[in-house]
Amino acid sequence: MNILVLIKQVPEIEKVRFDYEKGRLDRSSAGAIINPFDLNALEAAVQIKEKTGGSVTAISMGPMQAVDALRDALARGADKAILLSDERFAGADTLATAYTLASAIRKLGAFDLIICGEKTIDGDTGQVGPEVAELLGIPHVAYVEEIRQICSDKIVVGARMERNKYIIELRLPGLITVTKDLNNPRLPTLRDKLRAMRAEITVWSYKDLNEEDALQYFGLNGSPTRVIRVYTPAAEKRKSQVLSGTAPEVAQKIVQILRESGVLG
Amino acid sequence: MSDECSFCGVLIFAEQEDGEIHKVTYELLGKGRVLADRLGKNLCAVLLGYGLDDEARELIYYGADKVFLFDHPSLKDFDIVRYKQNIVRLVNEVKPDIFLIGATRIGRSLAPRIAASLKTGLTADCVDLDLDNEGNLVQIRPAFSGNIMAQIKTRTKPQMATVRYKVMKMSIRDPARRGGVVEMKVEPVKNTGMKILEKEKADEVNISEAEIIVAAGRGVKSPEDLRLFKELADLLGGVVGSSRPLVDAGWIGKEHQVGFSGNTVKPRVYMAFGISGSPQHLFGMRYSDIIIAVNKDPTAPMLNFSDYYVIGDLYEILPQLIHEIRKVRCVEK
Ligand SMILES: Cc1cc2nc3c(=O)[nH]c(=O)nc-3n(C[C@H](O)[C@H](O)[C@H](O)COP(=O)(O)OP(=O)(O)OC[C@H]3O[C@@H](n4cnc5c(N)ncnc54)[C@H](O)[C@@H]3O)c2cc1C
Ligand SMILES: Cc1cc2nc3c(=O)[nH]c(=O)nc-3n(C[C@H](O)[C@H](O)[C@H](O)COP(=O)(O)OP(=O)(O)OC[C@H]3O[C@@H](n4cnc5c(N)ncnc54)[C@H](O)[C@@H]3O)c2cc1C
């Protein structure tokens, strides 16, 4: 089984400081990590490989520093890693990102399964996976929380939609996006980390993708959406009225509010 | 047919599962109506499924001028590839300026495939939509896990967006409204590469629909204490909500989680016990009609976000409140 895992490097959200008064975002204390959902994607790939044999290739589009995320992926069980990095890829929205990833995947040749995270913790759209599937013309299932069975030409997965959980047989080659309920990603050992430090990481630029005269599909040029403005959400004003007294008094006041609002009696 | 459809300004995806229209659809019609009127164009809906004539008419009562109905056994259940193919064909014919889809799991699986096929932009999970002076769509969405808001414009048509459930106002049903249902020809695709083997009802608490939510946060000391929350919720005919740490600790199911990575709720009354009021939690309940907070820390942000608050110990207030409501209930009986 030849499995591709798509990985994005993201800032550690917990350490990004959001100044709600000034509407600013301070990333200086935040490191860069593999998008947490992509760890579940990688874990799923490694588990499948352990059963069926084959190889796991991690692919990321991003600045050169994203090699760190790919080294981490190698330490966690990927066999190969490819970074797509070029100034011409910068400023990509999800469509241009998907376009770039899809053309790299085409260049790689045959594959059986592509696994993505459900979404990222920064851009947070969950769109790249399904867009890659569409551009490659393969079927996909999103929000996979269970993998029941895998054979050479199909995979059986469970995914929850609004009213039902569906057990779906997906023909391969295909793509899935996975939730964090799917598995518990393993931690790399020190040995794995050291091995990953020395591993070779392939870097492809625009030229390597063999796309003739296609610059208009990449990066900012290929992005139909534009972020016009970013701000921190304003705290809406509520009346913030304190209810004081002993516990029974307070409880009676709450009952009164519930009655006035019509939800009680 | 392209003639009669040439004024389709706004198209919305009418989502159904098991033949039942998802309520986000009526919210899309609510917002879509406003946008279409401002553009001076029609509001259209696309509905795919099987045996949905009545549902198609409902969409008109809720504000659609025209409903494109793809009615076929092969479309009964959600098949991403089949749905996409039919919708892409329709969009290429009617060429809407704006195309809105609910940001449900079904919507968020489908929308990106349609956008990629049409090579157009898609904005995710919008919480507000507006038009600029040129009539372009201004899309507002949270990013960075709910910590910031972004304003996004799309320079291709249709301008596509998925829209978060329980944020926009639902339109009002008017059975006197008239409109047209256009029966669309369905080209059955034999093998789309996916087959539903089983379908299990995810019979979960539907907290998004709850009118009253009694929510627990990390102020709760042990999982057994959640019994009190259940008791109060049952007395009020409501549902128990929770902040994320309790879900992460395995004390309560994810279907109860309110917030950015959980559910968005819009109840008439939201009661928060021992919840500090993080941006991620507020994100999920900020549209509640009335918010009542109980917290022992007078500086907890939750208090500023509430209509009424009590500075005190939830372990004193909660049992007392249950007691008082019992009294009311008994007197009534
Ligand atoms: C504030 C803000 C708002 C934005 N809003 C939108 C928007 O509404 N619409 C839009 O089209 N773009 C938007 N963007 C741009 C978008 O964030 C980028 O296109 C980004 O490269 C990919 O989108 P994502 O982070 O949402 O990924 P998602 O679609 O959430 O990622 C899903 C999965 O795809 C894979 N993946 C994603 N990115 C990569 C990558 N670079 N390399 C390898 N695998 C990857 C991973 O497996 C990931 O788990 C926004 C950007 C910002 C800063
Ligand atoms: C990407 C991301 C997504 C997230 N998504 C969500 C989400 O969907 N939903 C969510 O809730 N959180 C979410 N979080 C977590 C969020 O940031 C907060 O950590 C979380 O909401 C805190 O929960 P809490 O208010 O219950 O706990 P705390 O912040 O620990 O607050 C507990 C409160 O209880 C009060 N208290 C303690 N004892 C008592 C008592 N006896 N009586 C009364 N009051 C008492 C304390 O004063 C305190 O204010 C997310 C975080 C990230 C990074």
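The values are calculated or read from the model by the stated rules, or taken from the named source; none is laboratory data. Not measured: the values here are computed from a predicted model. Neighbour counts are summed over all protein chains in view; Cβ atoms, including those assigned to glycine, are modelled from backbone coordinates with ideal geometry. These accessible areas exclude ligands, DNA and RNA; they are computed on the full protein's heavy atoms, side chains included. Shrake-Rupley method; radii C 1.70, N 1.55, O 1.52, S 1.80 Å.
Summary table
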item	result
Pick from the range A:4-34, criterion modelled with pLDDT of 95 or more and of a type outside the set (Val, Ile, Thr), ranking: farthest from ligand 2 (Cβ to nearest atom)	A:4
Residue within the range B:175-196 that is hydroxyl-bearing (Ser, Thr, Tyr) and outside the structural domain of residue B:23 (by TED's automatic domain parsing) present	yes
Test result for residue A:180, at pLDDT 95 or above and surrounded by fewer than 20 Cβ atoms within 10 Å (Cβ to Cβ)	no
Residues that are among the aliphatic types (A, V, I, L, M) and in contact with a Lys or Arg (Cβ under 8 Å, 6 or more places away or on another chain), drawn from the range A:139-169	A:142, A:150, A:156, A:157, A:159, A:161, A:167, A:168
Some residue of the range B:114-128 being within 9 Å of another protein chain (Cβ to nearest Cβ), among the basic types (Lys, Arg) and under 17 Å from residue B:22 (Cβ atoms)	no
Pick from the range A:235-265, criterion more than 7 Å from chain B (Cβ to nearest Cβ) and of a type in the set (D, E, K, R), ranking: nearest to residue B:282 (Cα to Cα)	A:237
Members of the range B:280-333 that are among the charged types (D, E, K, R) and closer than 18 Å to residue A:263 by Cα	B:289, B:307, B:324, B:326, B:327, B:329, B:332, B:333
Tally of residues being free of Cβ contacts under 8 Å to residues at least 12 places away in the same chain and either within 18 Å of residue B:206 (Cα to Cα) or part of a strand (DSSP E or B) (or both) across the range B:231-250	1
Subset tally (residues that are within 11 Å of chain B (Cβ to nearest Cβ), more than 27 Å from residue A:110 (Cβ to Cβ) and either not hydroxyl-bearing (Ser, Thr, Tyr) or not in a loop (DSSP other than H, G, I, E, B) (or both)) for the range A:173-219	3
For residue B:158: the one exception among (1) surrounded by fewer than 21 Cβ atoms within 10 Å (Cβ to Cβ); (2) within 13 Å of another protein chain (Cβ to nearest Cβ)	(1)
Residues of the range B:291-305 satisfying the condition of being at pLDDT 95 or above and at the interface with chain A (Cβ under 7 Å from one of its Cβ atoms)	B:291, B:292
Test result for residue B:74, among the hydroxyl-bearing types (Ser, Thr, Tyr), outside any strand (DSSP E or B) and farther than 30 Å from residue B:261 by Cα	yes
Residue selected from the range B:265-290 under the condition touching a residue at least 24 places away in the same chain (Cβ under 8 Å) and of a type in the set (Val, Ile, Thr), by the criterion nearest to the other protein chains (Cβ to nearest Cβ)	B:269
Hey, residue A:162 away from ligand 1 (no atom under 16 Å from the Cβ), in contact with a helix residue (DSSP H, G or I) (Cβ under 7 Å, 6 or more places away or on another chain) and at the interface with another protein chain (Cβ under 7 Å from one of its Cβ atoms) or not	yes
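Rundown of residues vs (1) small (Gly, Ala, Ser); (2) over 18 Å from the mean Cα position of the chain (by Cα); (3) open to solvent by less than 10 Å² (accessible area, probe 1.4 Å), yes/no style:
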site	(1), (2), (3)
A:84	no, no, yes
A:95	no, no, no
A:130	no, no, yes
A:138	no, yes, no
A:148	no, yes, no
A:151	no, yes, no
